[in-house]
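Asker: Following this message is one structure expressed as structure tokens.
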Amino acid sequence: MEKFENLTLEQLNAKEAEFAQSGIREAQTIVSVEPGKLEGSPVIITIGRGKDSRKTVSFFAIQYERKGEKRYFKGANFDAKHLSSGKQYSNLTVGINDDDKERLSNPANLAKSYILSAESYTTSDNRKVTTVKMAE
């Protein structure tokens, strides 16, 4: 498993292009969270120093291999609170799509809070997994 963490949007896009060129397929981000709704804010990192510094969301891409097939998943890190249990999560990995990437990379949206949706399902090999995505 190879992890690429604290990426900017540009770095994430470049990594995805590299994966696509190599024939690596995209998969879903799986986490250990109870199903339901969460409210969260993206983790913000600072790139550069001084006048050239800028703030961005902490994106990630993680490459892995399962049953001889190379795959990757992408997302953004969030600090979140489960709305029904009140449980807090730091650096929760949240799967995102291309629209989410653009929305999160907009400087005006860095300080916003978002509703996240955690859903559980059983895979074809009978594993129970949970994914967290940004709610529409």
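Readers should treat all values here as calculations from the given coordinates under stated rules, not as data from a laboratory. Predicted model, so just to flag it, every value in this text is computed and none were measured. Cβ coordinates were reconstructed from backbone atoms using ideal geometry, including for glycine residues, and neighbour counts include every protein chain displayed.
Asker: Out of SER124, SER84, I need the residue that is part of a loop (DSSP other than H, G, I, E, B) and without any contact (Cβ under 8 Å) to a residue 40 or more places away in the chain. Which one? Walk me through how you get there before you give the answer.
Answerer: On the way: SER84 fails: without any contact (Cβ under 8 Å) to a residue 40 or more places away in the chain.
Being part of a loop (DSSP other than H, G, I, E, B) and without any contact (Cβ under 8 Å) to a residue 40 or more places away in the chain holds for just one of SER124, SER84, which is SER124.
Asker: Turning to a different aspect of this structure: Filter the range 32-77 down to residues that are over 22 Å from ALA14 (Cα atoms), part of a strand (DSSP E or B) and not acidic (Asp, Glu), then give me how many there are.
Answerer: Residues of the range 32-77 that are over 22 Å from ALA14 (Cα atoms), as a first pass: 32-41, 49-51, 66-68.
Applying the additional criterion that residues be part of a strand (DSSP E or B) yields 36-41, 66.
Pick out the ones that are also not acidic (Asp, Glu) and you get 36-38, 40-41, 66.
Count: 6.
Asker: Given the criterion surrounded by 13 or more Cβ atoms within 10 Å (Cβ to Cβ), on the phi < 0 side of the Ramachandran plot, out of contact with any Gly (no Cβ under 7 Å at 6 or more places or on another chain) and not charged (D, E, K, R), identify the matching residue among SER58, SER124, SER53.
Answerer: Numbers: SER124 fails: surrounded by 13 or more Cβ atoms within 10 Å (Cβ to Cβ); SER53 fails: surrounded by 13 or more Cβ atoms within 10 Å (Cβ to Cβ).
Only one candidate qualifies: SER58.
Asker: Output the residues belonging to the range 1-12 that are touching a Leu at 6+ places or on another chain (Cβ under 9 Å) and within 12 Å of SER105 (Cα to Cα).
Answerer: Step one: list which residues in the range 1-12 are touching a Leu at 6+ places or on another chain (Cβ under 9 Å), which gives 4, 9.
Result: LEU9, single match.
Asker: Tell me which residues, restricted to the range 61-88, are within 19 Å of ALA135 (Cα to Cα) and surrounded by fewer than 21 Cβ atoms within 10 Å (Cβ to Cβ).
Answerer: To start, the set of residues in the range 61-88 that are within 19 Å of ALA135 (Cα to Cα) comprises 73-88.
Hits for the range 61-88 are PHE73, ASP79, LYS81, HIS82, LEU83, SER84, SER85, GLY86, LYS87, GLN88.
Asker: If you don't mind, there's one more thing I want to ask. So, in the range 100-115, how many residues would count as being part of a loop (DSSP other than H, G, I, E, B) and under 13 Å from ARG54 (Cα atoms)? Full working, then the answer.
Answerer: Our first condition is that a residue be part of a loop (DSSP other than H, G, I, E, B); within the range 100-115, this holds for 106, 110-113.
So of that shortlist, the ones also under 13 Å from ARG54 (Cα atoms) come out as 106, 110.
The qualifying residues number 2.
Asker: Out of all the residues in the range 87-96, which are on the phi < 0 side of the Ramachandran plot, of a type outside the set (Phe, Trp, Tyr) and either without any contact (Cβ under 8 Å) to a residue 60 or more places away in the chain or part of a loop (DSSP other than H, G, I, E, B) (or both)? Before the answer, list the steps.
Answerer: Initially, the range 87-96 is screened for residues on the phi < 0 side of the Ramachandran plot, giving 87-90, 92-96.
Pick out the ones that are also of a type outside the set (Phe, Trp, Tyr) and you get 87-88, 90, 92-96.
If the condition is that a residue be on the phi < 0 side of the Ramachandran plot, of a type outside the set (Phe, Trp, Tyr) and either without any contact (Cβ under 8 Å) to a residue 60 or more places away in the chain or part of a loop (DSSP other than H, G, I, E, B) (or both), then LYS87, GLN88, SER90, ILE96 are the ones that fit.
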